[in-house]
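First the structure, in the form of structure tokens, and then the observations on it.
Throughout, read-outs are computed from the coordinates displayed, never taken from laboratory work. Remember, it's a predicted structure, so these values are computed and weren't measured experimentally. Counting neighbours? That spans all protein chains shown, and the Cβs are built from the backbone with ideal geometry, glycine included.
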Amino acid sequence: MNRFEFARATSVAEALSLVAEKPGSVWKAGGIDLLDHLKEHLIEPPRLVDLKSIPRMNTIDVDPGGNLRIGPLVTMAQVAAHPGVRSTYAGLAHACGEAASPQIRNVATIGGNLLQRPRCWYYRLASYRCLKKGGDICFAVGGENRYHAIFGDEACHAPHPSNAAMGLTALGASLVLQSSRGTRTLPADQLFTIPGKDPRRENATDPDEILTAIQVPAAPGMRSIYASVKEKAAFDWPLVSTAVALRVDGGIVREARIMLGAVATVPLRSAAAERTIIGRRLDNATSEAAANAAMAGTQPLSDNGYKVELLRILLRRTLRSLA
Ligand SMILES: Cc1cc2nc3c(=O)[nH]c(=O)nc-3n(C[C@H](O)[C@H](O)[C@H](O)COP(=O)(O)OP(=O)(O)OC[C@H]3O[C@@H](n4cnc5c(N)ncnc54)[C@H](O)[C@@H]3O)c2cc1C
């Protein structure tokens, strides 16, 4: 690991100036993903700016209208255990509570989880100069690709890794980003970018922007759920996952957001599955039809065709459990 400076910021303004002072400096939250990058020389920043001491970055608040505000430095374990999140936003609590392992969830923050980089083993090894590192080839094509994306004909096939992103996009959350240029709010589903835009990046944040809050709108009558299939019960990323948020009225689905995870370079919203259930009763037949509809457009690689069937079954079961 190269030498770097460590600076602790006590306000957003101080954090911004600490990064501006030394170009190439990076934010540190829990440090789980950052440390992996430093150890493998994937990044060599001159300075790490720790965000943990900034007030209001690690609190969860519910306003009188029922809207949720989550500080990005709140740990995954705290989100999963919060009574207000568990009762109203169960899908988000499940998503955060199933990530990684108890030890990691107690350190990893929800902001860092959203902004972690993909786990593709070719990207993670410095010796492979893949598209994400400015190279001109995705080694997963024609290589070891059993964990890679099955949707999209993008040049890069690294699947999106974040559990929190699944729960938040299903709930229509938005993100507050602050830089020296001001503050902007981005819907969570616009945060993630496809490799076609620039394969070296996975999100629309600028390097000098800090995620300062996550806002989840009040969801009266909305039910949500997250489910995944993994090879191991802990210390592992999902092979496939889904997050679903539904509003059912008089037995009929009125509103639905269905997200598919670990199968594309971004959390993938399935409009086809949503169309299949909106205006209908959610029973076994509609659950099955929606799961089939969601598989349209899959393009598995040589070794990950099994993910198509796994995802279909997971989505069908998840919808049935909501029914
Ligand atoms: C064995 C193992 C299993 C795992 N399994 C899962 C899993 O199943 N699901 C899952 O989702 N994750 C999983 N993870 C990933 C882990 O959850 C993430 O690495 C962790 O959540 C990152 O959070 P952090 O606070 O440590 O972020 P850091 O490592 O501190 O930061 C990550 C990135 O986000 C940036 N960043 C952090 N906070 C901010 C902010 N407020 N504003 C701007 N930029 C910011 C940092 O600069 C950095 O680029 C696993 C990790 C391991 C090691």
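Assorted remarks:
- Across the stretch 142-172, the residues whose backbone nitrogen lies under 20 Å from the label position 7 Å along the beta-carbon direction of Asp198 are 154-161.
- In nm, spacing of pseudo-spin labels at Met1 and Lys52 (7 Å Cα→C-beta vector): 1.3 nm
- This ranking places Thr276, Thr183 by how few other beta-carbon atoms lie within 10 Å of each, fewest first, which gives Thr183, Thr276.
- Rg followed by Dmax, in Å, when the stretch 184-235 is reduced to its Cα trace: 15.7, 40
- For the stretch 228-323, the relative contact order works out to 24 percent when only alpha carbon pairs closer than 8 Å and six or more residues apart are counted.
- Neighbour-count order for Ser127, Ser11, Ser162, Ser53, fewest beta carbons within 10 angstrom listed first: Ser127, Ser11, Ser53, Ser162
- Remark: spin-label model distance Gln103-Leu35 equals 0.9 nm, labels positioned 7 Å along the Cα→Cβ axis.
- Computed over the chain, the per-residue total of -39500 (n - 2.57) for DSSP H runs of n ≥ 4 gives a 222 nm mean residue ellipticity of -8000 deg cm²/dmol, rounded to 500.
- A compact globular protein would have a Cα radius of gyration near 2.2 N^0.38 Å; the ratio found for the stretch 183-323 is 1.14.
- Based on the convex hull around the alpha carbon atoms, the chain presents an average projected area of 16.1 nm².
- Estimated Rh, the stretch 79-167: Kirkwood, alpha-carbon pairs, angstrom: 14.7 Å
- Stretching Glu231 away from Thr183 to a fully extended chain increases their span by 13.2 nm, per 0.36 nm per residue minus the current alpha-carbon distance.
- GNM flexibility winner over the chain from Ala170, Ala95, Ala289 (Cα, springs under 10 Å): Ala289
- Exposure proxy order (Cβ contacts within 10 Å, fewest to most) of Lys28, Lys39, Lys230: Lys39, Lys230, Lys28
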